[in-house]
1. Restricting to the range 145-175, give me the number of residues that are farther than 17 Å from A203 by Cα and not β-branched (V, I, T).
2. Looking at A101, is it on the phi < 0 side of the Ramachandran plot, of a type in the set (G, A, S) and outside the structural domain of G82 (by TED's automatic domain parsing)?
3. Might you check whether a residue that is in a helix (DSSP H, G or I), among the polar types (S, T, N, Q) and under 21 Å from the mean Cα position of the chain (by Cα) occurs anywhere in the range 143-161?
4. Evaluate the following for Q54: is it surrounded by fewer than 24 Cβ atoms within 10 Å (Cβ to Cβ), polar (S, T, N, Q), under 29 Å from I136 (Cα atoms) and outside the structural domain of Q143 (by TED's automatic domain parsing)?
5. Can you give me the number of residues within the range 70-88 that are charged (D, E, K, R), touching a helix residue (DSSP H, G or I) at 6+ places or on another chain (Cβ under 8 Å) and more than 21 Å from K134 (Cα to Cα)?
6. Report whether or not G184 is in a loop (DSSP other than H, G, I, E, B) and either in contact with a Phe, Trp or Tyr (Cβ under 8 Å, 6 or more places away or on another chain) or not assigned by TED's automatic domain parsing to the domain that holds K115 (or both).
7. Do you know which residues across the range 103-134 are more than 23 Å from N181 (Cα to Cα), surrounded by 21 or more Cβ atoms within 10 Å (Cβ to Cβ) and not polar (S, T, N, Q)?
Amino acid sequence: MTFIVLAIIAIIAIIVIVSIRKKFSRVLVKKAMVAIVPGNAEKHYQLGLAYLNQKLFSDAIDEFTNALRCDKQYVKAYRSRGFAFFKTELYDEAVKDYERAIILEPRDERTYLQKSDVHLKMGNAKDALLTLEKLISISPANQQAYMKRGVVFRAVDEINRSIADFNKCIELDPGNEKAYNNRGLTYFKGEAVEQAIMDYSTAIDLNKTYAEAYYNRAVAKNKLGDTEGAKADMKRAGELNPKFAVN
């Protein structure tokens, strides 16, 4: 009799679990898991990721904080909480978390890239450059680091240094259309409009659906007085991406 009762209870439990998974979101299921295993850093971290995926950033921050209460050396929780702080515009807190993550795991390239994004959002080009330079010293073949640094150099009017970084991106990956497009933007800012057009054209050759490159080439052609060419490129940019459409 006892066996039958236990079997019935087990079946009911399975039905309840299945219904919960169907009825509630992944976040609620993970929350139930945390409740079952309190004080488990990994469970809190996974729940935080679930909140993060649903853009529930404040809840994510709470769970990453709970994970860190369980394990103060949990580098992934610092990194993820830093990103959640970034998304909620708590930039100083984001920087602190990324710095903690770097102390714990000084060779993780993602953390440097994300930290540089925060500095840029704060308008702090100097610290963004320092962060990217540190990353390049650790990983000299990191294309994203050169790409981001090239963008920062362009923003502070360091035209030659910006071009040098995009040259390095292209050296590392000759098929990187974004590097050509970005170098084109730097040439354009430096008044080398014809060279900019050449780079935009190369970017388009590499990716025929690269709407931004068509748009940038249209702007450059218009500056040189090629109005027909500019119209054709602008039309194509609008066809590929509505945000470039001209009414």
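1. The number of residues fulfilling the criteria is 13.
2. On the way: on the phi < 0 side of the Ramachandran plot: yes; of a type in the set (G, A, S): yes; outside the structural domain of G82 (by TED's automatic domain parsing): no.
No: the conditions fail for A101.
3. Yes, because at least one residue in the range 143-161 is in a helix (DSSP H, G or I), among the polar types (S, T, N, Q) and under 21 Å from the mean Cα position of the chain (by Cα).
4. Working: surrounded by fewer than 24 Cβ atoms within 10 Å (Cβ to Cβ): yes; polar (S, T, N, Q): yes; under 29 Å from I136 (Cα atoms): no; outside the structural domain of Q143 (by TED's automatic domain parsing): yes.
Spelling it out, it is not the case that Q54 is surrounded by fewer than 24 Cβ atoms within 10 Å (Cβ to Cβ), polar (S, T, N, Q), under 29 Å from I136 (Cα atoms) and outside the structural domain of Q143 (by TED's automatic domain parsing).
5. 3
6. Taking the combined requirement at face value, the residue does not satisfy it.
7. Y112, K115, V118, H119
Okay, residues lined up against (1) assigned by TED's automatic domain parsing to the domain that holds L52; (2) in contact (Cβ under 8 Å) with a residue 12 or more places away in the chain; (3) touching a His at 6+ places or on another chain (Cβ under 6 Å):
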position	(1), (2), (3)
F83	yes, yes, no
D97	yes, yes, no
L135	no, yes, no
N142	no, yes, no
A145	no, yes, no
E158	no, no, no
C169	no, yes, no
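The values are calculated or read from the model by the stated rules, or taken from the named source; none is laboratory data. Just so we're clear, the structure is a prediction, and the values are computed from it rather than from any experiment. Backbone-built Cβ (ideal geometry, glycine too); neighbour counts: all protein chains shown.
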